[in-house]
Amino acid sequence: MDMNIKYRKMSPSVVKSLVSLLVCLALLKAANLLFYGSSEDGPRDQARVLRCSQPWHIFPTRAYGVDKDSPRYKLNLSIGVNQLNKYLYSREQLAAPNLAAGSLYIEDVFLAIKSTHNNHWSRIQLLLETWVPMAKTSVYILTDGDDPSLAANFGNGSRYVNTKCGASHKDKDLMCKLQVMYDLYMSKIEQYKWFCSVDDDTYINIPNFVKMLREYDHDKDWYIGKPSLNHIYSVKEYQKKRISYWFATGGAALCISRALAKRMMPLCGNGEFIKRGEAINNPDDTAIGYVCNYLLGVPLTSIPEMHSHLEPMWQIDPLDYHKQISISWGEVVASKVIIIPNRLLIRDEIPQFPVSIDPTRAYTFHCHLFPKSDSCRKIQDRLGALPDA
C-alpha cells in the first residue's frame, strides 16, 4: 500500500522541550531505581532493609543492616558498618510494644514551629487552620519578627516568641533560633516530657504523633525522627577531622526525650549550641544530630511514617494516609525548565478541594483524617463544601 507520509520539521524550541521532558523522565526513573530498587532485586528480608510506606528512603531494621555486596548500599566512609551499629535504630528493632512509663498526652510535649516573618501568612496560617488547634497549648511559634495578629493566638512572649534572630537562612540565624528554642524548653523542662521541633511547611497528625511518643520512655535517652538522607552524614569537625553521624530533619519533625535534653545541657545551654554549630559549620538539624548522635552516642530512631518535603509525597499510598505521622509539600526541580509539585496524589474517590485553592493538599488531607472536626468545618466555610466522593 502506498502511503504518503509527510513529516514536519520541528522548531528548535519544540525539540528543546522534548529533550527536557525526556531528561526529566530519565531522572525520575533513576531516582526510583536508586531508592526503590528494580524488580530484579528480589525480596529483601528484615536483616537487610525496611521499605517504608513510600520507598524513597532506606532504613535498616537492625541498627544498620546493610547488604555490603550491593553497590547501591556501599558506604564510602572511613568507618566500617559494624561501627555504625550504635548510630541508628529503627522502630521495628524495638521488641516491646510500649516502652513508655505512664501515660502521655499532647500537653506533655513541647512542640516548637520554626518560622520566619515572611512565612506567617503563607505557611503558619495553614497550620493554624489544620493541626495546630489539636495541640495549641503545646505549640510554640519561634520566629524573627513581631506579628500582633498571630501573637494574639498564642500570647506574645509566652508561646509566640520573637527570637530577635535574623530572618535569613544563613547558619548563624538558624542556630540563633535553635539556641532560643532549646533554652526556652530547658526553662520549662519540668512541664514537658518531650522537646520536639518542626518546620513551618509540615502537617502533623497529632493523635498518631502522641501515640508514637508513648512507645518511648521520656526518662531515657531518645532521639526520634527521620533522616533526610539515605546514608550517614559526613562533615569535617573544626575543618580538620572528618566525622560521620545521623541526623533527623525538622521537615518531618524531630523529638528529644527530657532525659536526653538534660544530658545536652553542658554542650548546648547558655549559647553553647551555637558553638556546636560552628564546630561543624552546619546549622540547626545537623547540629542537633552532631550533639545527640555523635557527641553523646544516642542512636537516631527512624520513624517511617514521618515525611519531609525532601521525599516525594505522591508515593504515599492513599490507603495509608491514616497511618502517617507527618507530611510536607514543596517542589521537585527536575531540570532548569521543569518543576514538579511535590504533594500528595489524592485519589478521585476521596472528597477533596480543588488544587487551585488547596495546592499543598494539606486542607484535603486534614479533612480526610478528621471530617467531623470543627477545624474541617471552618475550612469548608472558607473554601467551600467538600464534594461527595
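Some observations on this one:
- Exclusive hit being aliphatic (A, V, I, L, M) and closer than 21 Å to Lys226 by Cα, set Ile327, Ile350: Ile327
- Complete set of residues in region 98-146 that are under 21 Å from Ala362 (Cβ atoms) and of a type in the set (Asp, Glu): Glu129
- Single unsatisfied condition, Gln239 versus (1) at pLDDT below 95; (2) in contact with an Asp or Glu (Cβ under 9 Å, 6 or more places away or on another chain): (2)
- Restricting region 205-226 to residues that are surrounded by fewer than 24 Cβ atoms within 10 Å (Cβ to Cβ), in contact (Cβ under 8 Å) with a residue 24 or more places away in the chain and basic (Lys, Arg), the residue that is farthest from His307 (Cα to Cα) is Lys220.
- Residues in region 348-367 that are open to solvent by 10 Å² or more (accessible area, probe 1.4 Å) and more than 18 Å from Ile204 (Cβ to Cβ): Asp348, Glu349, Ile350, Pro351, Gln352, Pro354, Val355, Ser356, Ile357, Pro359.
- Among the residues making up region 185-204, those that are open to solvent by less than 30 Å² (accessible area, probe 1.4 Å) and among the hydrophobic types (A, V, I, L, M, F, W, C) are Ile189, Trp194, Phe195, Cys196, Val198, Ile204.
- Screening Ile256, Ile243, Ile189 for residues that are of a type in the set (A, V, I, L, M), over 27 Å from Cys376 (Cβ atoms) and in a loop (DSSP other than H, G, I, E, B) leaves exactly one candidate, Ile189.
- Residues in region 125-174 that are touching a helix residue (DSSP H, G or I) at 6+ places or on another chain (Cβ under 9 Å), among the small types (Gly, Ala, Ser), assigned to a helix (DSSP H, G or I) and open to solvent by 10 Å² or more (accessible area, probe 1.4 Å): Ser149 alone.
- Inspection of region 130-143 identifies no residue that is under 20 Å from Gly277 (Cβ atoms), over 20 Å from the mean Cα position of the chain (by Cα) and not β-branched (Val, Ile, Thr).
- When Lys177 is tested against (1) open to solvent by 10 Å² or more (accessible area, probe 1.4 Å); (2) without any contact (Cβ under 8 Å) to a residue 60 or more places away in the chain, exactly one condition is not met: (2).
- Qualifying residue in region 292-300 (condition: in contact (Cβ under 8 Å) with a residue 40 or more places away in the chain, surrounded by 19 or more Cβ atoms within 10 Å (Cβ to Cβ), closer than 20 Å to Lys226 by Cα and over 18 Å from the mean Cα position of the chain (by Cα)): yes
- Set Leu267, Leu260, Leu295, Leu254: member being in contact with a Gly (Cβ under 7 Å, 6 or more places away or on another chain) and either modelled with pLDDT of 95 or more or farther than 30 Å from Cys367 by Cβ (or both): Leu254
The values are calculated or read from the model by the stated rules, or taken from the named source; none is laboratory data. These numbers come from a predicted model, not from an experiment. Every residue, glycine among them, receives a Cβ derived from its backbone with ideal geometry; neighbour counts consider all protein chains shown. Surface accessibility is based on the protein's heavy atoms, side chains included, excluding ligands, DNA and RNA. Shrake-Rupley method; radii C 1.70, N 1.55, O 1.52, S 1.80 Å.
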